[in-house]
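Beneath this line is the structure, given in structure tokens, with notes to follow.
Throughout, read-outs are computed from the coordinates displayed, never taken from laboratory work. A quick note: this is a predicted structure, and the numbers were derived from the prediction, not measured. Every residue, glycine as well, gets a Cβ built from its backbone with ideal geometry; the counts of neighbours run over all protein chains shown.
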Amino acid sequence: MNQGADIHHRIARISAHLNPPTNHLQMEGGSSLLRADCRAKGGSPGFKVAILGAAGGIGQPLSMLMKMNPLVSVLHLYDVVNTPGVTSDISHMDTGAVVRGFVGQTQLEDALTGMDLVIIPAGVPRKPGMTRDDLFNINAGIVKTLSEGIAKCCPKAIVNVISNPVNSTVPIAAEVFKKAGTYDPRRLLGVTMLDVVRANTFVAEVLGLDPREVDVPVVGGHAGVTILPLLSQIKPACSFTQEETKYLTTRIQNGGTEVVEAKAGAGSATLSMAYAAVKFADACLRGLRGDAGVIECAFVSSQVTELPFFASRVRLGRNGVEEIYPLGPLNEYERAGLEAAKKELGGSIDKGVSFVRK
Ligand SMILES: NC(=O)c1ccc[n+]([C@@H]2O[C@H](COP(=O)([O-])OP(=O)(O)OC[C@H]3O[C@@H](n4cnc5c(N)ncnc54)[C@H](O)[C@@H]3O)[C@@H](O)[C@H]2O)c1
Ligand SMILES: O=C(O)C[C@H](O)C(=O)O
């Protein structure tokens, strides 16, 4: 066989056992194909991460940022459209993770098999005038289907749910996992990190600080009054006037709507969300690696209140959520906020549970 034919033969051989439609098939040179294949098979240390909804407004920058994360060795990009292009594009970044693309329901199982962490930003976003709950009718079914795939193909994966309404989609995923007999509450987390990111930013603005120096716990859920910033517990310790407290609480609770209105029909937060999702996913991966003291806020199965799910500070470890911290001392304003949050949150959780049990 001449040299050109030999290379073509090697490419064909490798193509046959790489997942379709991977970017590697478009690379030139048999030797690089072989090396990428070895790394994909676990030759390089790191975690295997799938992003479901990878071609969307959040999915694309999230995929790019996860490709830059040194803890990721394999990155699977799944969507019902456009993943071949996104995968090809992102795969040219000279970072460690091997990227593979999967498109359409028939490739969902391949996308999920063997994953350590699955991030779900699949689903429709809000338009001005809509609540997150208005997305339920479409997104509930999407999250249900994707969760069924996870239960079947990677039941031990940590799952980060971004799709709205998070207050309902997390209970939906939990019910699907219960039905499948795979539910481990420690491994299912609703992503509320954007609320913390916003709270840090807005509080830093008021205090004249660098946002990186500020840490605001945000508890409850991820919609309107269920988003409850605990300004009395911020680090560094600081007090606010009543006016500042009201301004900050309202702005943090309406952060999503602020972006939806500014985008004027073109969707909701995508870039700040991708940043927040990566910050949270990185914390989950550091926990999986066994790092000590990884603490973030997340919407999880919880006994912190009488509700079955609640967002609060959690410690992340090798099994996902290793410890859930109590809310700590609340001031009068926060106690009233907690009551309002619980009232709305209870209904959203029930709605998610009934969707699967019906
Ligand atoms: N948790 C949060 O803090 C937070 C923040 C921002 C947005 N969100 C939510 O994230 C979701 C996505 O927002 P976006 O701006 O990226 O929307 P988008 O419309 O830009 O992207 C969504 C992607 O999901 C894909 N998709 C649809 N059905 C799918 C399925 N069955 N399987 C896989 N992929 C599927 C679409 O093809 C699309 O590429 C929305 O529900 C939005 O409300 C949550
Ligand atoms: O507001 C939205 O609809 C998207 C997201 O939940 C956000 O908080 O930005």
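To the nearest ten degrees, helix 332-357 and the longest principal axis of the Cα atoms of the chain are 40 degrees apart.
Say the cut-off is 20 Å between C-alpha atoms; which of K48/K179; K48/K144; K152/K178; K156/K179; K144/K358; K279/K343 go over it? Spell out each step's value before the answer.
On the way: K48/K179 25 Å; K48/K144 22 Å; K152/K178 12 Å; K156/K179 15 Å; K144/K358 13 Å; K279/K343 30 Å.
Violating the 20 Å Cα-Cα cut-off are K48/K179; K48/K144; K279/K343.
Each Lys and Arg contributes +1 and each Asp and Glu -1, all at the Cβ; summed about the Cα centre of the stretch 192-357, the dipole is approximately 460 debye.
Residue by residue, the stretch 240-252 carries 3J(HN,Hα) couplings of 10, 6, 4, 5, 5, 4, 5, 4, 5, 4, 4, 5, 5 Hz when phi is fed to the Karplus relation 6.51 cos²θ - 1.76 cosθ + 1.60 (θ = phi - 60°); x denotes Gly or Pro.
Projected onto its three principal axes, the C-alpha set of the chain covers 81, 49, 42 Å, listed from the longest axis down. When only the Cβ of Lys, Arg, Asp and Glu is charged (+1, +1, -1, -1), the dipole of the chain relative to its Cα centre reaches about 880 debye.
The charge dipole of the stretch 43-191, taken about the Cα centre with unit charges on the Cβ atoms of Lys, Arg (+1) and Asp, Glu (-1), comes to about 300 debye, rounded to the nearest 20. Among beta bridges identified by DSSP and lying wholly in the chain, the antiparallel ones come to about 45 percent. Packing-based ranking of 129-137, 144-152, 114-122, 94-102 yields 114-122, 94-102, 144-152, 129-137, ordered from highest to lowest mean Cβ neighbour count within 10 Å. Roughly speaking, what is the centre-to-centre gap between the stretch 285-329 and the stretch 197-228 when only Cα atoms are used, to the nearest Å? The distance from the Cα centre of the stretch 285-329 to that of the stretch 197-228 comes to 18 Å. Dipole of the chain computed with +1 at Lys/Arg Cβ and -1 at Asp/Glu Cβ about the Cα centre; of A298, L194, G96, farthest Cα towards the positive end is G96. Farthest toward the positive end of the dipole of the stretch 54-147, out of V118, F136, A55, is the Cα of F136, where the dipole comes from beta carbon charges about the Cα centre.
Think of the chain as a dipole: +1 on every Lys or Arg Cβ, -1 on every Asp or Glu Cβ, centred on the Cα centre; then among V214, G149, Q253, G149 lies furthest on the positive end. If the Kirkwood radius is taken over C-alpha pairs of the stretch 43-191, then at 4 °C and 1.567 mPa s the Stokes-Einstein diffusion coefficient equals 85 µm²/s.
Relative to its Kirkwood radius, the Cα radius of gyration of the stretch 230-358 gives an Rg/Rh of 0.98.
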